[in-house]
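So the structure is just underneath, and the comments pick up after that.
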Amino acid sequence: MAKQVGKKENATLWQWIEILDWHYANGKVQTKTVKHFHQVYPNLCLTQPQISKWLKKESTLHTELESSGGRSHSLKQVHQTQHPEVTEMLDLWVSKAMTDGLFFTGEVLCQKWRLFADLAGVPEDECLVLSEGWLS
């Protein structure tokens, strides 16, 4: 078995598809898939339960791949947010700020999220508790 070379990594969408395609092409044995890809991607630290979970949401992965517009080599798993309208507002603001060359900190992002949550009418008890960790 290959030794992990750095910190544990999350699989990109492209890696997920590559692993599942190999799984189907090589006998559909999850433990065999884990063993093979532990050699290829040791930092993913794959397990049989992970492969099982990926297989259950395979159709979602293919949909994400199609909508990634060629960015699948770096795209990580898409996470569903509790308030997509707030996330969309924040994404638009960040894009505009970056285009304008503005510098902003994690604290600014937290404040903007709270502002957009207020504008979207998100109740106080549904607001996120934002810390520096959510930016990672």
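The values are calculated or read from the model by the stated rules, or taken from the named source; none is laboratory data. As the structure is a computational prediction, the values presented were derived from the model and not from experiment. Glycine gets a Cβ as well: all are built from the backbone with ideal geometry, and neighbour counts include every protein chain shown. Keep in mind that these areas ignore ligands, DNA and RNA; they rest on the heavy atoms of the full protein, side chains included. Shrake-Rupley method; radii C 1.70, N 1.55, O 1.52, S 1.80 Å.
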For residue 53, list the aspartates and glutamates whose Cα falls under 14 Å from its own Cα; do not include residues on the same chain fewer than 8 positions away.
none
Taking 0.36 nm per residue of separation and subtracting the Cα-Cα distance, what length does fully extending residue 102 through residue 55 add?
12.7 nm
Just list whichever of 8/28; 35/57; 57/96; 8/35 have alpha carbons separated by over 28 Å in the model shown.
57/96
Between residue 31 and residue 62, how high is the FRET efficiency from 1/(1 + (r/R0)^6) when r is the Cβ-Cβ distance and R₀ = 25 Å? Nearest 0.05.
0.60
The percentage of the accessible area of the stretch 7-64 (probe 1.4 Å, all protein chains present) made up of carbon and sulfur atoms, to the nearest whole number, is 54
Computed label-point distance, nm, for sites residue 91 and residue 124 using a 7 Å Cα→Cβ extension
3.0
Expressed as a percent, the accessible surface of the stretch 82-135 that is carbon or sulfur, using a 1.4 Å probe and the full set of protein chains, is 59
Ordering 129, 122 by accessible area with a probe of 1.4 Å, largest first, what comes out?
129, 122
